[in-house]
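Worksheet: one structure, shown below.
Coordinate-derived values only; no laboratory data. None of these values were measured; they are calculated from a predicted model. So basically every Cβ, Gly included, is an ideal-geometry build from the backbone, and we count neighbours across all protein chains shown.
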């Protein structure tokens, strides 16, 4: 990943990159200055599309002069006075920055690049949509296509999902394997057969795939599979003995 550094005594931008229509910068968020000498500002990753910006905070602060030292550090002759040297901080922040750039690259490959899609991918939240609303859209599509039975089934599964997990519109797209496992535990507690659980989970998987396809969830967020950190969808009871000879 290529980066550009501005080398001055005091700087506001540490790394810069561009992906499609989006400019990405790791920089100081100076929107709310206090007027102090060599003030420490929140460090963030700033995304800019058509002059509109979204600031994603990194949870740490830095002054302009400190950021310049981080940018120019080569690691030679540095003494470790704190948790990390300037060079170690530079290396860590570059790795963080590259991970954000890679996220935007993936979004750019799967659909139109917008700040809403970037924000949703990073935070799991979107003002315009949510995991629940996408599920409801699929239900409406089935009903409009004359598949009322399928729509009713999907709606029943959605009601179970919301009731047993407490998930709602305000939760956006903050869905992961732990939430699905919570749902599974609730279904087990209500003595739902494994075949029924499988039907419910496959319906949820369809919604997850729709969200990934529309860029609301990143492909790496896919939580179904056979590995230990994934949710395994149970198979129904075998009907082998019921087959005719």
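Expressed per residue, the C-alpha convex hull volume of region 131-242 stands at 124 Å³. Give the shape of region 13-114 as rounded, prolate or oblate, defined through the alpha-carbon gyration tensor: a ≥ b ≥ c are the square roots of its eigenvalues, a/c under 1.5 means rounded, and otherwise the shape is prolate if a/b is larger than b/c and oblate if not. In terms of gyration-tensor shape, oblate.
Let me know the Kirkwood hydrodynamic radius for the chain, please, with Cα pairs as the basis and the value in Å to one decimal. Intermediate values should be presented prior to the final figure.
On the way: mean 1/r = 0.0470 Å⁻¹.
Computed over Cα pairs of the chain, the Kirkwood hydrodynamic radius comes out at 21.3 Å.
The distance between label points at residue 185 and residue 65 comes to 5.2 nm (points 7 Å beyond Cα on the Cα→Cβ vector). Among 45, 19, 208, the largest mean-square fluctuation in a Gaussian network model of the chain (Cα springs under 10 Å) belongs to 19. Label-to-label distance for residue 169 and residue 136 is 0.5 nm, based on points extended 7 Å past Cα in the beta-carbon direction.
Say we join alpha carbon atoms closer than 10 Å with springs in a Gaussian network model of the chain; which of 145, 71, 193 then has the biggest fluctuation? With Cα springs under 10 Å in the chain, the top fluctuation among 145, 71, 193 is at 145. Subtract the Cα-Cα distance of residue 91 and residue 78 from 0.36 nm times their separation in residues, and report this length gain in nm to one decimal. Computed gain between residue 91 and residue 78 is 3.3 nm. The C-alpha atoms of the chain define a longest principal axis, and helix 194-213 lies at about 40 degrees to it.
Considering only 122, 43, 58, the mean-square fluctuation computed in a Gaussian network model of the chain, springs between alpha carbons under 10 angstrom, is largest for 58.
Mean residue ellipticity, 222 nm, helices only, the chain: the sum of -39500 (n - 2.57) across DSSP H runs of n ≥ 4, divided by residue count and rounded to 500, is -14500 deg cm²/dmol. From the largest down, region 90-136 spans 44, 19, 15 angstrom on the principal axes of its Cα atoms.
With r defined as the distance between the Cβ atoms of residue 32 and residue 143 and R0 fixed at 35 Å, what FRET efficiency is calculated, to the nearest 0.05? Efficiency for this residue pair is about 0.15. Using a simple spin-label model with pseudo-atoms 7 Å out from Cα toward Cβ, residue 105 and residue 159 lie 4.7 nm apart. Using C-alpha pairs under 8 Å with a sequence gap of at least 6, the mean separation divided by the residue count of the chain gives a relative contact order of 14 percent.
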